[in-house]
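In what follows, a structure is listed as C-alpha cells, so that the remarks can point back to it.
Each value in this text was obtained by applying a stated rule to the coordinates, not by laboratory testing. On a predicted model such as this, the values are computed, not experimentally measured, just so you know. Quick reminder, even Gly has a Cβ in these numbers, built from the backbone with ideal geometry, and neighbours come from all protein chains shown.
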Amino acid sequence: MSGLTVMESLGAFRGMVSSSFVPLEVTRERERRGAPFSASMESLDTDGIAFTEIAAHPHIVERTEAGIADGGSGFYKVSLMLSGSGHLLQGGRELVIGPGDLAIYDTSRPYTLEFDNAFKTLIVMFPKDRLELPASLTDQLIAAPLSEEHPGLVPIVSTYLAQFPAQLAPLSEGVRAKLAHTSLDLLGTLFADVLDASPEQRDPHQLLLQRICGYIDEHLGSPELSPGSIAAAHYISKRHLHVLFRSADTTVSSWIKERRLERSRADLRDPALSDRTVAAIATKWGFSDAAHFSRVFKAAHGVSPREFRGA
C-alpha cells in the first residue's frame, strides 16, 4: 500500500507508473513538451489485486512490444474514468472513455491511452486467471463499449469501485481482500452480462463455453463435478467438451481446479470465516482430501493454506 504521491515532472511520473503497473512509455505531444506537468497517484494492493487512482495533466501512455518483453504480461487492467476523458486503442479497436465509463485492456498486448485534458481515473489491475471467465471470452471485451452494452449494471459497478483505494486503506487486510474479491465478482458479472447481450453476433462455440463455465462455477462444491457430468448436463460428448476448453488454451480439469482454488483462496482471506477450518473450506469447494488441497494450493500460491491465511 502506498499513500498519495505527487509528482511535478513527467520523468518522475513515468518511473512511478512503470514501477506501479508494468513497463510503460509515457510521453507528451510535441506542442505540450516543456509545459508544466503534474500528477498524483494513490494505490493499494491487496491479495494481488491493485487499485490505483491517478490524477494528471495530459499525456500518452504506451504499452510497447519492448515493454512487453521486459515483463508484466498476464494481467487485465480495468479503467474507471472519474473525470475528464481518454482514448484507448488496443487490438485494432478505439474507445472513448468518459466519466463513469469502464474499459478493460490487456497487458500482454500493445495498447495506447491518450489523454488530451486533465483527468482522474481509477485503475484496477489483476491476473487474468482471477476472473470467472476464460481469457478467450474476456478478450472479446477489450476496448469494447461496456456502458453501451449494459447501461444498467455499469453504474453499479462503477459506484462500488470509485470508493477505492482510499476507503480500503484503514481496513484490515482480511476485509480489504474480501472487498477486492467482491470487485472482481462484480466485474465478472458485468463482463458475462455484456457477452450475453448480443448472442446473435457471437460464435456459438464461445456461447456454449460461457454457459459451461457458469455451470462449473455453480457446481464447484460438488465432488461429482467432472468432464463426464458437465458434458452430460450440456448434451455434448466429452470430446467436444475438451475441444471447447482446448480452444480457450486450458483443459476442463485445470479450469475446475483453478476455480476451486480461487474460491478457496477468497474464503481463507474472509474474516467472517476465520473460525472455519482449512479442511472445511477445502471440502466446501470440492476438495475431498485436505492433504491434496494443501499440496495443490502450495503449488499454485507458493505457501500452504494455513500460511496464506496467517499472512
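Details
- For the stretch 2-149, the fraction of alpha-carbon pairs lying more than 24 Å apart is 27 percent, rounded to a whole number.
- Formal net charge of residues neighbouring Thr107 (Cβ-Cβ distance under 14 Å; K, R +1; D, E -1): -2
- Likely footprinting exposure, Met81, Met7, fewest C-beta neighbours within 10 Å first: Met7, Met81
- Given charges at Cβ of Lys, Arg, Asp, Glu: the chain dipole, positive-most of Pro110, Ser147, Phe245: Phe245
- Taking all pairs of distinct alpha-carbon atoms in the chain, Kirkwood radius in angstrom: 20.8
- Cα centroid of the stretch 72-117 to Cα centroid of the stretch 215-261, whole Å: 32
- A simple charge model with +1 on the Cβ of Lys and Arg, -1 on the Cβ of Asp and Glu and nothing else charged puts the dipole of the stretch 1-73 at about 340 debye relative to its Cα centre.
- Electrostatic dipole magnitude of the stretch 66-182 [Cβ: Lys, Arg +1; Asp, Glu -1; Cα centre; debye, to 20]: 340
- GNM top mover of Ala50, Ala300, Ala192 - the chain, alpha-carbon springs below 10 Å: Ala300
- The chymotrypsin sites (Phe, Trp or Tyr not before Pro) of the stretch 181-240 meeting both criteria, a DSSP state outside H, G, I, E and B (loop) and at most 16 other C-beta atoms within 10 angstrom of the site's C-beta, are Tyr235.
- Considering only Gly310, Pro204, Ala291, and ranking their Cα positions along the charge dipole of the stretch 203-310 that arises from unit charges at the beta-carbon of Lys, Arg, Asp and Glu, the one farthest toward the positive end is Ala291.
- Our helix-only sum for the chain, with -39,500 (n - 2.57) per DSSP H run of n ≥ 4 divided by its residues, gives a mean residue ellipticity at 222 nm of -12500 deg cm²/dmol.
- Lys/Arg +1, Asp/Glu -1 at C-beta; the chain dipole; positive extreme among Phe191, His87, Ala279: Ala279
- Computed from point charges on the beta carbon alone (+1 for Lys and Arg, -1 for Asp and Glu), the dipole magnitude for the chain about its Cα centre is near 840 Debye.
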